[in-house]
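K.L.:
My structure is below; once you've seen it, I'll send some questions.
The values are calculated or read from the model by the stated rules, or taken from the named source; none is laboratory data. Being a predicted model, the structure only gives us computed values, none of them experimental. Please note: Cβ atoms are built from the backbone with ideal geometry, for glycine as well, and neighbour counts cover all protein chains shown.
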There are 2 protein chains.
Amino acid sequence: MTQNIYDDPDFFAGYSQFPRSIDGLEGAAEWPSMRALLPDLQGLSIVDLGCGFGWFCRFAREHGAAHILGLDVSERMLAKAQAMTADAHITYRRADLETLALPEQAFDLAYSSLALHYVVNLDGLLAAVHRALKPGGRLVVSIEHPIYMAPSRPDWIASPTGQRVWPLDRYLVEGPRTTDWITSGIVKQHRTLGTTLNLLIRHGFSIAHVEEWGPTDAEITAHPDWAEVRDRPMFLLIAAHC
Amino acid sequence: MTQNIYDDPDFFAGYSQFPRSIDGLEGAAEWPSMRALLPDLQGLSIVDLGCGFGWFCRFAREHGAAHILGLDVSERMLAKAQAMTADAHITYRRADLETLALPEQAFDLAYSSLALHYVVNLDGLLAAVHRALKPGGRLVVSIEHPIYMAPSRPDWIASPTGQRVWPLDRYLVEGPRTTDWITSGIVKQHRTLGTTLNLLIRHGFSIAHVEEWGPTDAEITAHPDWAEVRDRPMFLLIAAHC
């Protein structure tokens, strides 16, 4: 089973304080770019892989989606999602993305925000998602950027000439990365950008857009601490279709 | 016009000493991976964008290509290519990739090795290449990897804990990068991986494969100095089709 960090009480308490936990989609820096990749949601059947507190499920419903299935491995997150949702067209279900089974050709859109970099069996998951999408169906996902995930010590350093730089190493060495984020021992799965794209292509997806997210000038004015993203990307957004 | 560094006598003399200049394709670390992306060349009409000494043009002809057009901006390189070629089915022509005009639907394959990262007007070039390919035609290209190109000071440093790391910065800041390689003041055009892929998609290409080249264990045994590539990729290989 996926490491279920979100049901760790300390992690859950810490994560619940994040802007994206309190303010929802508007608290996520990359949301405007994710939103720009979405098709018109009117009438669509949608699955959200790693739905967390259900912010996207409710957004999709408010924008006319016909039915949304929100999946997450964390009981705590699903309980909070359910408590914030009063809509018979949104279904939350506990599911392990490592061994996910979905009905065939059932969805128009598969959405996933910052969840797939925890999945070891991405190959199996993408096969299941491709089968679950209708012909012409879409996939819109974000993951942590591999440049952000790769290093042995993923934190800024000063170069010998005094510049703040990102100490990249092990970019082509794929596999687990154990980091401390809120609590210690969080395990993520590092894959190169090429590997992720080739996996999608092999499972029958056509790549429609690849975005290494960065802030606009206006966003940096509003959030000066986001400027560092221009030195090394943090989020990777991919849109694909069947 | 593209900065024509290859006609600088000092640069040309230096470049001519490189393994890939002396040994041809077999002297290029990434060649086996590029070759694996090629279709069967039998009977194909091919354009080589930045053909240099013509090694690939001759390889393609030896493998049954019907006609190969080798384009380069460097008169010195074309002269040497011509001197090494005695084949009426290979044509070399001086051309500036910034303003390239090609006949429409004339080629089955467009090939380019480590040339497109010098091109400012990649948008115009890809439009011309897409028009020049037949329906179903292929594009196989290598460029310097954007992780390799991006940094203010693109050379290994020691981190405060003594590790050798690649000092990444300015990854999302696209535009010219001036470096010293053989001679000083070589100007390359840095684009993120996403930008290059999205440009291809916008011009009608389907992405077939994205490879951030790294050496195999056997290659590292034979060339121990190649191991550093696993810490930060140097070449980006892309296969696409119309």
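Let's see how each residue does on (1) more than 26 Å from A:ARG202 (Cβ to Cβ); (2) without any contact (Cβ under 8 Å) to a residue 24 or more places away in the chain; (3) in contact with a helix residue (DSSP H, G or I) (Cβ under 6 Å, 6 or more places away or on another chain); (4) not in a strand (DSSP E or B):
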{"residue": "B:VAL129", "(1), (2), (3), (4)": "no, no, no, yes"}
{"residue": "B:ASP155", "(1), (2), (3), (4)": "yes, yes, no, yes"}
{"residue": "B:THR179", "(1), (2), (3), (4)": "yes, no, no, no"}
{"residue": "B:LEU197", "(1), (2), (3), (4)": "no, no, no, yes"}
{"residue": "B:GLY204", "(1), (2), (3), (4)": "no, no, yes, yes"}
{"residue": "B:GLU211", "(1), (2), (3), (4)": "no, no, yes, no"}
{"residue": "B:THR221", "(1), (2), (3), (4)": "yes, yes, no, yes"}
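K.L.:
Name the one entry in A:PRO233, A:PRO167 that is within 13 Å of another protein chain (Cβ to nearest Cβ), buried (at least 21 other Cβ atoms within 10 Å of the Cβ) and either aromatic (Phe, Trp, Tyr) or over 19 Å from the mean Cα position of the chain (by Cα) (or both).
P.N.:
Just one listed residue meets the conditions, A:PRO167.
K.L.:
Would you pick out the residues in region B:69-95 that are more than 20 Å from B:TYR118 (Cα to Cα) and of a type in the set (D, E, K, R)?
P.N.:
Those that are more than 20 Å from B:TYR118 (Cα to Cα) and of a type in the set (D, E, K, R): B:LYS80, B:ASP87.
K.L.:
Taking interchain pairs and intrachain pairs at least six residues apart, which have beta carbon atoms under 6 angstrom, with the first residue in region A:29-44 and more than 27 Å from A:PRO224 (Cα to Cα) and the second surrounded by fewer than 19 Cβ atoms within 10 Å (Cβ to Cβ)?
P.N.:
Every condition considered, the pairs that remain are A:LEU41/A:HIS63; A:LEU41/A:GLY64; A:GLN42/A:GLY64; A:GLY43/A:ALA66.
K.L.:
Just to be sure before I move on: is B:ASP123 of a type in the set (Asp, Glu), surrounded by fewer than 21 Cβ atoms within 10 Å (Cβ to Cβ) and part of a helix (DSSP H, G or I) in the structure I sent?
P.N.:
yes
K.L.:
Now for a separate question. Out of curiosity, is A:VAL140 away from chain B (no Cβ under 14 Å), farther than 19 Å from A:ARG20 by Cβ, of a type in the set (Val, Ile, Thr) and surrounded by 14 or more Cβ atoms within 10 Å (Cβ to Cβ)?
P.N.:
So A:VAL140 fails the test.
K.L.:
Quick one: in region B:91-109, which of the residues that are polar (S, T, N, Q) and on the phi < 0 side of the Ramachandran plot is surrounded by the fewest Cβ atoms within 10 Å (Cβ to Cβ)? Explain how you work it out, then say what you get.
P.N.:
Here is the first cut: in region B:91-109, the ones polar (S, T, N, Q) are B:91, B:99, B:105.
Now restrict to residues that are on the phi < 0 side of the Ramachandran plot: B:91, B:99.
Working: B:THR91: 15, B:THR99: 12.
Only one residue tops the list, namely B:THR99.
K.L.:
Is at least one residue of region A:68-83 at pLDDT below 95, more than 22 Å from A:GLY136 (Cβ to Cβ), in contact with a Pro (Cβ under 7 Å, 6 or more places away or on another chain) and not hydroxyl-bearing (Ser, Thr, Tyr)?
P.N.:
no
K.L.:
Checking the structure you have, find out if any residue of region B:195-218 is more than 7 Å from every other protein chain (Cβ to nearest Cβ), of a type outside the set (Asp, Glu) and more than 22 Å from the chain's Cα centre (by Cα).
P.N.:
yes
K.L.:
Right, here's the next one. Among the residues of region A:104-127, write down those that are out of contact with any Gly (no Cβ under 8 Å at 6 or more places or on another chain), over 20 Å from A:ILE5 (Cα atoms) and in contact (Cβ under 8 Å) with a residue 40 or more places away in the chain.
P.N.:
The answer is A:ALA106, A:TYR111, A:ASP123, A:LEU126, A:ALA127.
K.L.:
Moving on. Which of the helices (runs of 4 or more DSSP H) found entirely inside region A:11-107 contain at least 1 residues meeting this: more than 16 Å from the chain's Cα centre (by Cα)? It would help to see each step written out before you state the result.
P.N.:
Numbers: elements: A:19-22, A:31-37, A:55-62, A:75-83.
The helices (runs of 4 or more DSSP H) meeting that bar are A:19-22, A:55-62, A:75-83.
Residue-by-condition table, conditions (1) free of Cβ contacts under 8 Å to residues at least 12 places away in the same chain; (2) of a type outside the set (D, E, K, R); (3) under 23 Å from B:THR196 (Cα atoms):
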position: A:GLU144; (1), (2), (3): no, no, yes
position: A:ILE147; (1), (2), (3): no, yes, yes
position: A:ALA158; (1), (2), (3): yes, yes, no
position: A:VAL165; (1), (2), (3): no, yes, no
position: A:TYR171; (1), (2), (3): no, yes, yes
position: A:SER184; (1), (2), (3): yes, yes, no
position: A:THR192; (1), (2), (3): no, yes, yes
position: A:LEU200; (1), (2), (3): no, yes, yes
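K.L.:
Kindly provide the set of residues from region A:27-48 that are surrounded by 12 or more Cβ atoms within 10 Å (Cβ to Cβ) and not hydrophobic (A, V, I, L, M, F, W, C), ordered by number. Full working, then the answer.
P.N.:
If we filter region A:27-48 for residues that are surrounded by 12 or more Cβ atoms within 10 Å (Cβ to Cβ), which is where we start, we get A:27-39, A:41, A:44-48.
Selection gives A:GLY27, A:GLU30, A:PRO32, A:SER33, A:ARG35, A:PRO39, A:SER45, A:ASP48.
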